[in-house]
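We did not get these values from a lab; they are worked out from the coordinates using the rules stated. None of the values given here were measured: they were computed from a predicted structure. All Cβ positions, glycine included, derive from the backbone under ideal geometry; neighbour counts span all protein chains shown.
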Amino acid sequence: MLVECQQCGGEVAVPSDAISGEIVSCKDCGSEYEAVIGSQGTIELKSAEKVGEDWGE
Amino acid sequence: MLNVSVIGGSGYVGGELTRLITLHPSAKLQATYSRSHAGKYVHSVHPNLRGIVDMTFTGEDPVRLAQSSDVTFLSLPHGQSSKLIPEMIKTNTVLIDLGADFRLKDKDAYIRWYNYQHPSPDLLKEFVYGLPELHRAEIKKSRRVAVPGCMATSAILSLVPLVREGIAGTGPIIVDAKVGSSGSGGKPSLATHFSERYGVVRIYKPAGHRHTAEIIQELSNIRNSKVDVSMSAHSVNMVRGIETTSHVMSSNIPSLKDIWKAYRSFYADEPFVRLVRDLHGANKYPDPKFTVGSNFADVGFDTDPEAKRVIAIGALDNLVKGAAGNAVQCMNIMLGFDETEGLKSPPLHPV
Amino acid sequence: MLNVSVIGGSGYVGGELTRLITLHPSAKLQATYSRSHAGKYVHSVHPNLRGIVDMTFTGEDPVRLAQSSDVTFLSLPHGQSSKLIPEMIKTNTVLIDLGADFRLKDKDAYIRWYNYQHPSPDLLKEFVYGLPELHRAEIKKSRRVAVPGCMATSAILSLVPLVREGIAGTGPIIVDAKVGSSGSGGKPSLATHFSERYGVVRIYKPAGHRHTAEIIQELSNIRNSKVDVSMSAHSVNMVRGIETTSHVMSSNIPSLKDIWKAYRSFYADEPFVRLVRDLHGANKYPDPKFTVGSNFADVGFDTDPEAKRVIAIGALDNLVKGAAGNAVQCMNIMLGFDETEGLKSPPLHPV
């Protein structure tokens, strides 16, 4: 199941057997989402982005 | 099987062409010409090819070699190919020049950037600028290609989607390039003497770098009006690799999502351009370290709205996508092979 | 097409196995297991593989993965594979362990060298020591291989012809090894912290290096009597590569020509061993710089008659012939493929 990534417009692949709360990431930009499975099996993505680590040199 | 000759086989680009040809299922190295190393085994100059290429360099006349070759690659120092090409062009070999002599369309640009009176300006229109991502259709119909410079390739590929959408080109574009030592070739000098070259961040060309001419030519071509581009080039502590950070001064700075759309729509089907912009990890943006040995050009971007600046980032292996790999890609297009033929090796990591 | 699983896919060796499998015409990566990176895209850990491997790491039970795979590679930290193999060995997957747990035949050697009480010593005889140049026939008949350590591979290959001819083995053999940083894997520590690791010549193991056990085992096997071998290991300023210089104290030092004969007769038909002893140029002897990214082991020698010493030199890429490449070579032998399948990339140079 492919859902549009809110960050980059890419495709987030949500496994067919995904369970609510499962973390999935966008292949193109790496942003992470929490899968929210609705009663009729609808799939919604809630951003699971914590503050990105800073690798400041 | 295609008979292929490399004219200028002893340099790093000549060695890389030879390496890639051994990986090409439909091409065979017929001859590798080197005046200074004639009679010597290829592996005496390219130790990596010991046991793989059992051949000596030839000193035979390059035009005769071209006559008997389906494809002739020229990887000679600047100004050399324009001495041979007027004769070679009369043969029916497919000509791929990795030098700068036939990259520019405007002969006056050679005076301006190379301080060079081009000996056969009428032949300039015979050659297509060998960047498949921009000129695939023209390359397909042609038999004469001039392979772009390594820094130009990285800068152009990272900037094209922005120019096309009118994001880049309204204001100045400043390209800040970082280059590995293999870019300056195999001839030793004080500048490449280990104790002097090791660990430098040496801005060897703050202004007027020759590759700027190609970047101006190609970006202006897309925008249909002159684009203001300038470049500074630095030698850094790496052997293979180019990184270009292009500072795009722009009054029109769209959202990151729109910029993703611009890059994705231009590069979605390209086999050798990868979009790299990751929210996590140590490697969020393009870095030549992850392209070494492959024909990939990694392209990425960021925005700096307060400063009215978009940052376009490019990274590639200067010997592969920046030279020999791009040359083989153009050969594949001209000869009707799958574009990735002989170019399928993933980058090495770590290296 | 062979279904292949990599158990321990997030390390450098796991990444190299994945890279090589993409180049193998008859093998397909079915799964790459990493407990710590389960669910993450392969390219988040191996950026070089972006656009080439579109897969996430799995956290599924490795034994179940083995069950559904034709070939299972294990590239786990020391002591891990011996927890999985007792179960995996009951499936009919071909098992290739790149760890140290099944390299030695003698369980007491594990106590002596690894301070490790082997949990399933009875399985040691099930595994063949995966060095094709020495055990091709046994590997061909087997379905269980333990891939040698990288330093051991370089030392053994450079010494075998001398041991076989009775030149080495009469007196002590001292192996002085120099190793690249990729040998210590992908986990960061103070020892691998850039500002501490860069530019070192760090003798991290003057004596008692674990790979010594394999060298003793294999050389004694050839000589049919215990061979006195010891080793010192150094980290040096390179990422990929191993160089071993073995000092052979010997009362019997033949001519260089005879030594050439000894090496040539043993290695003439080997696809991945190159003899390197050149009278001219800057690169007369084996150097890992010219093996990077390939499955080649370069082997050379010199003599020092006054000091009653023969010098045997080995150089290879610790991630390829020293690990993943050798593992794929063993797979090819066991599965009846041409031994060079998937391993044809020439080394990169310069790099």
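May I ask what percent, to the nearest 5, of DSSP beta bridges between residues of the protein assembly as shown are antiparallel?
Taking every DSSP beta bridge within the protein assembly as shown, about 50 percent pair in antiparallel fashion.
Tell me which residues come under 5 Å, amide H to amide H, from C:ARG274 once H is placed; ignore anything under 5 positions away on its chain.
Close amide H contacts, sequence-distant or interchain: C:ALA297, C:ASP298, C:VAL299.
Which residue, C:ARG50, C:ARG240, C:ARG274, tops the fluctuation ranking in a GNM of chain C built on C-alpha contacts under 10 Å?
The residue that fluctuates most here is C:ARG50.
Averaged over its residues, how many other protein chain Cβ atoms are within 10 Å of peptide B:290-297's Cβ atoms?
Shielding by partners across B:290-297 averages 3.
Given the pairs B:LYS90/B:LYS125; B:LYS257/B:LYS284; B:LYS261/B:LYS344, which are separated by over 20 angstrom at their Cα positions?
B:LYS261/B:LYS344
List the extent of the Cα atoms of the range C:151-316 along each of their three principal axes, largest first, rounded to whole Å.
So the extents along the principal axes, rounded to whole Å, are 46, 35, 31.
Among C:LYS105, C:LYS90, C:LYS226, whose mean-square fluctuation peaks in a Gaussian network model of chain C (Cα, cutoff 10 Å)?
C:LYS90
How much of the calculated P(r) for the protein assembly as shown lies past 33 Å, in percent of all Cα pairs?
54
Taking the label point 7 Å from Cα in the Cβ direction, how far apart in nm is C:GLY185 from each other copy of itself, listed shortest first?
Those label-point separations list as 4.6 nm.
Inside 10 Å of the C-beta atoms of C:230-243, what's the mean count of C-beta atoms belonging to other chains?
Shielding by partners across C:230-243 averages 1.
How large are Rg and Dmax for chain B when only the alpha carbon atoms are used, in Å?
Final numbers for Rg and Dmax: 19.6, 62 Å.
Averaged over its residues, how many other protein chain Cβ atoms are within 10 Å of peptide C:270-279's Cβ atoms?
2
Using only the alpha carbon atoms of the range C:1-138, find the Kirkwood hydrodynamic radius as the inverse mean reciprocal pair distance, in angstroms to one decimal.
It is 15.7 Å.
Considering the zone a paramagnetic label at B:HIS280 would reach in this model (a point 7 Å from Cα along the Cα-to-Cβ line), which residues of the range C:15-54 have amide N under 19 Å from it?
C:15, C:32-54
Compute the separation of the alpha-carbon centres of the range B:187-222 and the range C:59-98 and state it in Å as a whole number.
A separation of 50 Å, based on Cα centres.
Modelled label-to-label distance, B:THR170 and B:GLN67, 7 Å Cα→beta-carbon offset: nm?
5.8
At q = 0.19, 0.22, 0.26, 0.31 Å⁻¹, what base-10 log of I(q)/I(0) does the Debye formula yield for the range A:2-47 when every alpha carbon is treated as an equal point scatterer in vacuo?
Listed by q, the Debye log ratios stand at -0.49, -0.65, -0.89, -1.20.
Please list, or write none, the aspartates and glutamates whose alpha carbon is within less than 15 Å of the alpha carbon of B:LYS178, excluding same-chain residues fewer than 8 places away.
Excluding near neighbours in sequence, the set is B:GLU243, B:ASP287, B:ASP298, B:ASP317.
Considering chain C as a Gaussian network with a 10 Å cut-off on Cα pairs, which listed residue, C:ILE203, C:ILE173, C:ILE52, attains the greatest mean-square fluctuation?
Result for chain C, Cα springs under 10 Å: C:ILE52 fluctuates most.
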